[in-house]
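These notes are about the structure you will find just below.
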Amino acid sequence: MDANTIERALIIGAGTMGHGIAQVLAMIGIETRLADVNEAALESAMAKVRANLDKGVDKGKVEAHVRDAALARLSTTTDLAGGSAGVHCVIEAVPERLELKQGILSDLGARLGPDVLLASNTSSLPLTEIAKVVPHPERVVGMHFFNPVHIMKLVEVVRADQSSDAAVAATVGLATRMGKDPITVIDRPGFASSRLGIAIGMEAIRMVEEGVASAQDIDKAMTLGYGFPMGPLKLTDLVGLDVRLSIADYLSEALGPRFEPPALLRQMVERGELGKKSGQGFYDWS
């Protein structure tokens, strides 16, 4: 198992993270297949990849021949079994539901040889629980990317209890090959990034709830005072208030009341104020 021998990859899930991962893999010369059960989602994903690459060409950050070659290497499929044939690496980026991720990787693990790397883009779910249902669980790792994937440098490589040293090394190598700067963490609730990000985000929401300051001023405190590229409340809007609530609920159950979501967050989600995707969150996106 060697990152430098990965020539074909399968990405499962054509959402925000999936199409971004597929784009970067295709750009570094890997034949990449993007799979989803929804044909419309695949069409939307390809349009977004093309738009990202065109924007890069327009800004002079991507050469036209690199864009064209990447698009030629990237294909889509709704046939998960067929799409997995001959791949050296699988990265799933489906919704954060444990049973869904377990089912997909268990099925692929039974189809693919033991040297095929199986990675999950989960941001908080227990990787050890995912790996335990997969044949040859030692090749299962976490590969947590950040949005937008083609810009953000961090990849959190998560070692499940079953992960082999070879699988972890191959994942770190693949992330580095993708131009990322990986960190390695063990499988604990929230890993490193989600645990810290949720702690800061929940406290920022409590400050809004208590009337300490406006969302804009709280964010400004962190961007100007601490050098954050984006404030925690605007980031919550971009991630989705419902997504952050789900992660906070999980961390609260796993780690205790310090991660208990504020009542304001639950109320906003109940009202359908989910952030950018709904047009309204802590900011007005309409």
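The values are calculated or read from the model by the stated rules, or taken from the named source; none is laboratory data. Since the model is a prediction, treat every value here as computed from it, not as a measurement. Ideal geometry is used to build each Cβ from the backbone, glycine not excepted, and the neighbour counts take in all protein chains shown. Ligands, DNA and RNA are stripped out before the accessible areas are found, and what is left, the full protein with its side chains, is counted by its heavy atoms. Shrake-Rupley method; radii C 1.70, N 1.55, O 1.52, S 1.80 Å.
State the extension gain, in nm to one decimal, for the chain segment bounded by ASN147 and THR176, taking 0.36 nm per residue of separation less the distance between their alpha-carbons. Don't skip to the answer; put the middle values down first.
On the way: separation 29, 0.36 × 29 = 10.44 nm, distance 1.70 nm.
Contour length minus the Cα-Cα distance gives 8.7 nm.
Rounded to the nearest 10 degrees, what's the angle between the helix 215-225 long axis and the longest principal axis of the chain, both from Cα atoms, 0 to 90?
70
Does anyone have the angle between helix 64-73 and the longest principal axis of the chain? Alpha-carbon axes, 0 to 90°, nearest 10?
The two axes meet at around 70 degrees.
First compute the accessible area of segment 193-275 with a 1.4 Å probe, then give the percent of it belonging to carbon and sulfur atoms. Please report the intermediate quantities before stating the final value.
Working: 2400 of 4200 Å².
Whole-percent figure for carbon plus sulfur exposure: 57.
Sort 217-226, 112-121 for me by packing, meaning the mean count of neighbouring Cβ atoms within 10 Å per residue, highest on top.
Details: 217-226: 14.7, 112-121: 21.0.
Per-residue mean Cβ counts within 10 Å order the peptides as 112-121, 217-226.
Just checking my list (i) 37, 31, 21; (ii) 32, 23, 17; (iii) 39, 26, 15 against semi-axes √(5λ) of the Cα gyration tensor in Å computed from this structure; which label fits?
Only one option fits the structure, namely (ii).
With +1 on each Lys and Arg Cβ and -1 on each Asp and Glu Cβ, how big is the dipole of the chain about its Cα centre, in debye rounded to the nearest 20? Kindly include the intermediate steps, with their values, before the conclusion.
Numbers: 29 positive and 36 negative charges, 106 e Å.
Taking the Cα centre of the chain as origin, the dipole is about 500 debye.
Report the label-to-label distance for LYS220 and ARG271 in nanometres (one decimal), using points 7 Å from each Cα along the Cα→Cβ vector.
Inter-label distance under the simple model: 2.3 nm.
Could you tell me which of the pairs LYS234/LYS277; LYS61/LYS277; LYS61/LYS101; LYS55/LYS180; LYS132/LYS153; LYS132/LYS277 are separated by over 24 angstrom between their Cα atoms in the structure shown? Write down the numbers at each step before the final one.
Values: LYS234/LYS277 12 Å; LYS61/LYS277 28 Å; LYS61/LYS101 35 Å; LYS55/LYS180 20 Å; LYS132/LYS153 30 Å; LYS132/LYS277 34 Å.
Flagged as over cut-off: LYS61/LYS277; LYS61/LYS101; LYS132/LYS153; LYS132/LYS277.
Please report the net charge: other residues with Cβ closer than 14 Å to the Cβ of ARG206, K and R +1, D and E -1. Intermediate values should be presented prior to the final figure.
On the way: positive: ARG244, ARG258, ARG266; negative: GLU203, GLU209, GLU210, GLU260.
Here the charged neighbours net out to -1.
Out of all DSSP beta bridges with both ends in the chain, state the antiparallel percent to the nearest 5. Don't skip to the end; give the middle numbers.
On the way: 6 of 32 bridges.
The antiparallel proportion sits near 20 percent.
Relative contact order, percent, of segment 129-286 when contacts are C-alpha pairs under 8 Å separated by at least 6 residues?
Working: 211 pairs, mean separation 24.3, N = 158.
Computed value for segment 129-286: 15 percent relative contact order.
Send over a whole-number figure in Å² for the accessible area per residue of the chain, probe 1.4 Å. Present the calculation step by step, with values, prior to reporting the outcome.
On the way: 12970 Å² over 286 residues.
Counting only protein heavy atoms, the per-residue value for the chain is 45 Å².
How much length, in nm to one decimal, is gained on full extension between LEU196 and LYS48, taken as 0.36 nm per residue of separation minus their Cα-Cα distance?
On the way: separation 148, 0.36 × 148 = 53.28 nm, distance 2.97 nm.
In short, 50.3 nm is gained.
For segment 1-133, which whole-number percentage of the solvent-accessible area (1.4 Å probe, protein heavy atoms only) is attributable to carbon and sulfur atoms? Don't skip to the end; give the middle numbers.
Details: 2810 of 5680 Å².
The nonpolar share, carbon plus sulfur, comes to 49 percent.
Could you state the angle between the C-alpha long axis of helix 39-58 and the longest principal axis of the C-alpha atoms of the chain, as a value from 0 to 90 degrees rounded to the nearest 10?
It is inclined by approximately 80 degrees.
In whole Hz, with x marking every Gly and Pro, tabulate ³J(HN,Hα) for segment 98-109 from phi via Karplus 6.51 cos²θ - 1.76 cosθ + 1.60, θ = phi - 60°.
Working through the residues one at a time gives 4, 5, 5, 5, 4, x, 5, 6, 5, 5, 5, x Hz.
Roughly how far apart, in whole Å, are the Cα centres of segment 37-67 and segment 71-147?
The two parts, judged by their Cα centres, are 23 Å apart.
So what are the three principal axis dimensions of segment 193-275 from its Cα atoms, in whole Å, longest to shortest?
Between the extreme Cα coordinates on each principal axis of segment 193-275 lie 33, 27, 22 Å.
For the pair VAL57 and SER75, how long in nm is the line joining their label points, each one 7 Å along Cα→Cβ?
2.2
Compute the relative contact order of the chain as a whole-number percentage, counting only Cα pairs closer than 8 Å that sit 6 or more residues apart in sequence.
On the way: 514 pairs, mean separation 39.8, N = 286.
Reported relative contact order: 14 percent.
Please list log₁₀ I(q)/I(0) at q = 0.26, 0.31 Å⁻¹ for segment 2-50, using the Debye equation with identical point scatterers on the alpha-carbon positions.
-0.92, -1.18
For a protection proxy built on the mean count of beta-carbon atoms within 10 angstrom, sort 194-207, 18-31 highest first, please.
18-31, 194-207
Give me the dipole magnitude in Debye, nearest 20, for segment 193-275 about the Cα centre, with unit charges on the beta carbon: positive for Lys and Arg, negative for Asp and Glu. Each step should come with its number before you reach the end.
Values: 8 positive and 12 negative charges, 41 e Å.
Rounded to the nearest 20 debye, it is 200 debye.
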